[in-house]
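So the structure is just underneath, and the comments pick up after that.
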């Protein structure tokens, strides 16, 4: 083989290896993004399922602010009264559940959290729905709670995955 043939062969090899490396990087990043998205979605759904189940069975909302909700619950078997709290820590980016003083983290990497309180009575809606709940700031009047949050993660140091907004209206059944 001549020097020219060797140089063309080496250049072709470099281009093929480069193309394979770019594809491998792209595929790895895509798989990491899908894995993150599935994990975020799974944790958000699990948290929403748990919160809606517990809030629906609560006796009443006893305290609320933009970053926490506190409920009173009663054990149906023993009649014991318990305190249930959900709180959001913006600095730590966590949502924590506290039941009678025992805390457990439900969500991590939570970049946004909000809740809205609504009364029992409804009013005619303006955007096509049958009715709309009336907002309130008083926990003793609250019958419906709207929960909304967003969780996100970085991939390779870059913001790549943002779980779409998880949101739900939860009705306190016992009230």
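Where a number appears in this text, it was derived from the coordinates with a stated rule and is not lab data. A quick note: this is a predicted structure, and the numbers were derived from the prediction, not measured. With ideal geometry, Cβ positions are generated from the backbone for all residues, glycine too; neighbour counts draw on all protein chains shown.
Using 0.36 nm per residue and subtracting the Cα-Cα separation, the extra length available between residue 54 and residue 173 on full extension is 41.8 nm. The simple Förster model, with R0 at 41 Å and r as the Cβ-Cβ distance, assigns residue 134 and residue 39 a FRET efficiency of 0.65. If you plug the beta carbon distance of residue 27 and residue 148 into 1/(1 + (r/R0)^6) with R0 = 25 Å, you get a FRET efficiency near 0.15. Ranking of 54, 5 by neighbouring Cβ atoms within 10 Å, starting from the fewest: 5, 54. Compared with the dominant principal axis of the Cα atoms in the chain, helix 3-56 is inclined by about 10°.
Result for the chain in a Gaussian network model with C-alpha springs under 10 Å: among 39, 75, 59, the largest mean-square fluctuation is at 75.
At q = 0.13, 0.17, 0.18 Å⁻¹, what log₁₀ I(q)/I(0) does the chain have when each alpha carbon counts as one equal point scatterer in the Debye sum? At q = 0.13, 0.17, 0.18 Å⁻¹ the computed log10 ratios are -0.75, -1.07, -1.14. The residues 55, 8, when put in order of fewest to most other Cβ atoms within 10 Å, stand as 8, 55.
Per-residue Cβ neighbour counts within 10 Å put 44, 2, 87 in the sequence 2, 87, 44, beginning with the fewest.
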